[in-house]
Every structure is written in C-alpha cells, then in structure tokens.
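The values are calculated or read from the model by the stated rules, or taken from the named source; none is laboratory data. No experiment lies behind these values; they were computed from the predicted model shown. For neighbour counting, all protein chains shown are included, and Cβ atoms are generated from backbone atoms with ideal geometry for every residue, glycine included.
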Amino acid sequence: MNQFDRDAALQQTRQRWRWFLVAFAFVTNASSVFGIETVTVSRDGEQQELSGRILVEAQDGGLLLETPEQIIWTIMPEEIVSRRSDDASFELADRKQLTALTLRELPPGFNVHNTAHYVICYNTSKAYAQWCGALYERLHRAFLNFWKGHGIELTANEPLVAVVFRDKAGYRAYSQPELGEATNSIIGYYSLKSNRIVSYDLTGLEQLRAPGDRTGTMAHISQMLRRPQAERTVATIIHEATHQIAFNSGLQRRFADNPLWLSEGLAIYFESPDLKSRKGWRRIGAVNQFRLRQMRSYLQKRPAGSLTSLIVDDQRFRDSRLANHAYAESWSLCYHLIRTRPQEFKAYLEKIGQKPPLEPTDPEARLAEFKAAFGDDIGLLDKEFVKAIQQWR
Ligand SMILES: [Zn+2]
C-alpha cells in the first residue's frame, strides 16, 4: 500500500472518539455553560490538571473540554478526580501564549517561525520552516478564496500551529502516543485533539534526493520538492494542512459527525498544488490525476451499492483493502458535486458544519441528509456520476 494514500491520523482520532460516543450517548448540551472548568484527571497513574471550557457534558459525567491552546480533551467519568468551576470568561490563547504552551510540550531545542496565520515550531533548518510557512500561507489564502467564490465566507481561527521535526525519529517519538503504529507509515498528520499539523523535514527523505542536492536555502528546497517524484509527498503535507483549515474556519467542526467521504474528499480536492506557479493553487479543482487513476481502476469492479456505502458510514475507510478506493471515490464525489451542484453542495456543507460535537448520525440519518441536499434518486445520481468520471481528463 502506498504510504501516502491513507491519513490514519484523522481516523485514529475518530476511532477513539467513537469509543467515547458510546459513553456519551446521553449528552447534555453544554454550550450554555459559561466560565472556566478546572478538572483534575487521572490517567495511567498520573494526575493532570486541565482548565478550559466545557464543550459537552455527558449525563454520566464524561466531559469534552477545550483548553486555551485549542486542545480538546475527551475525559471519561472515571478519570475525573475533582473539578471546580469559576465564572471567568474563557479565552483562547493568543499567539504568544499559544507559542509558549506548544513549546512546553516539545523536546528542547525548538525554534519558532511566525507567518501571518501560522506559528511554525521547528527543530530543522530555518529555510525548511520558511518553505512550509510559505506553502501553508498560499494554501490558506487559496482555501478561503475558493469558498468565497462559492458563496461561503469563512474566517479562520488564528494562529494555527504546525510542528516540524528535523527527522523521522523525533516525529515518531512525538506522535507515537497519538498514532500508535501508524506513525511509521505516515509522514504527517492533522490531530483533531491538539489541532496541530505535525510532520518532519521531507528534504531528508532519501527517495526525494538527487545527487548533488543541497538544501541550504529555500530555493534549493523548492527546487527539490517541485520534482515529480515529490508530488505525492508534498500532497500529503497539504492534505493534512487542508484538514486543519477546514476544521478551523467554520467549514467543519472538530468532534462533530463529519462523514469521512466529505472530510477526505475536500482535503484531496485541495491536495495537489501547482508548485510551478507562485500562487500555488491557481488551478484548484483541477482533476487529481492520481486519484482519478485509482477511481477508474475501481470502476472495473465497483459494486452496485458503492455510493450508498460511502455515504452511510465510514467503514470502507477502516478496511485497509478498501480504503484506497474509498479515498478515490470520496474525491470523485466531491469533485462531481462541486462541479454539477455547487448550490446543493454549499447547503449540504452548511448543514454538516452546524452539527454539535459528539452527536453521532446513524446510517439512515446520513443517507437522509445526503438525499435532502442532492435528491432522493441515488441510482440516477450514481449513473450520472459514473458517466462523468469516464469523461474527466
Ligand atoms: Zn485526510
């Protein structure tokens, strides 16, 4: 399996979250709870004090709590040692506080590169951090402009945090607790919990290097990562950064029931930049040739109920034999709907974006939401969809 095809991180977090959904079955909507809650939590024999705002409080006492540095904690009732509230108003950390809080969690030796919308914490070369910053800023601008063009005004939370490790070893040590084994096979991820994108210096990847490569300056780095063999690698970094913006601009909400086909289809829609152009994403919405090839190969054996199975739940993404095609079909569906039904797609996105955290949508309800936006006749839509895919170039 291609290591860049699946971003296990989003799923990993979701699996943990699914486990919580069971406990949170009877949820009290806590949006009316003001003030700051301080909870002492005991996990793996260690106690930790967390202060923040409660997003959800379950009937059994479980909590979804957001701390000022944008981390969302899922706390089980049995983990709570004590809790107290005060009525001070909750505020997210500003850039300076956020930087300090992030650095506290990283190994010593990290530096900070600030851009208009990002705090980039890195322990690799400054030039590489600058290359990342420029890439993220271009994506950020392109992403908001794209949706503006589709009648959706988004405002991104600021700043967003990116962590860039010098090498795979450091990245692995940091991400292991959250990703487990998946940390070995993915080169970067977006964490729904910490809200950060995490990756490592790609110029160290042997397969991307050519004889005589130097990576001392941004120009060298750009040259190296513009090569065709780097396309999928860079696409992965952008894919994860797209998830981060989507979840921080009002388009999607963290810990709400976002269908994976939608989250993934959107991230793939943006993942391939035009690195030859200074603006990077002049051609947003171009056909993603890599995913189109996968989709065409899937069409050879695609079962009749494929579209419905993609919509009703996220099972296909969790099965390693089916995941690649689920990603390809997700992109294809988003691409098709954005092109042929932009108004309906907008309405659907807005509906999904308003869902509260930790409220699961069952398969029937997911299908009903989809039909409410795009019409009852899934069979007809599917016919038209398959025909369209065959015409994409
Ligand atoms: Zn993804």
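Laid out as a table, the results:
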read-out: Number of the exception - ASP319 against (1) in contact with a helix residue (DSSP H, G or I) (Cβ under 7 Å, 6 or more places away or on another chain); (2) free of Cβ contacts under 8 Å to residues at least 12 places away in the same chain; value: (1)
read-out: Residues of the stretch 161-181 classified as of a type outside the set (A, V, I, L, M) and more than 19 Å from SER125 (Cα to Cα), total; value: 6
read-out: Top-ranked residue of the stretch 208-224 - restricted to ones that are surrounded by fewer than 21 Cβ atoms within 10 Å (Cβ to Cβ) and of a type in the set (A, V, I, L, M, F, W, C), ranked as nearest to the ligand (Cβ to nearest atom); value: LEU208
read-out: In the stretch 37-67, residue surrounded by the most Cβ atoms within 10 Å (Cβ to Cβ) [restricted to those that are assigned to a loop (DSSP other than H, G, I, E, B) and among the acidic types (Asp, Glu)]; value: ASP60
read-out: Close pairs from the stretch 356-380: first more than 22 Å from LEU337 (Cα to Cα), partner assigned to a helix (DSSP H, G or I), Cβ under 9 Å, at least 6 apart; value: LEU358/TRP17; LEU358/PHE20; LEU358/LEU21; GLU359/LEU21; PRO360/ARG18; PRO360/LEU21; ASP362/VAL312
read-out: Odd one out for GLN70 among (1) loosely packed, with under 14 Cβ neighbours inside 10 Å; (2) outside any helix (DSSP H, G or I); (3) not assigned by TED's automatic domain parsing to the domain that holds LYS168; value: (1)
read-out: Criterion violated by GLU181 - all others in (1) under 20 Å from the mean Cα position of the chain (by Cα); (2) surrounded by 15 or more Cβ atoms within 10 Å (Cβ to Cβ); (3) farther than 26 Å from PRO68 by Cβ satisfied; value: (2)
read-out: Qualifying position, being surrounded by 20 or more Cβ atoms within 10 Å (Cβ to Cβ) and farther than 19 Å from GLU178 by Cα, among LEU205, LEU251; value: LEU251
read-out: Verdict on ASN248 being within 22 Å of the chain's Cα centre (by Cα), within 16 Å of the ligand (Cβ to nearest atom) and modelled with pLDDT of 95 or more; value: yes
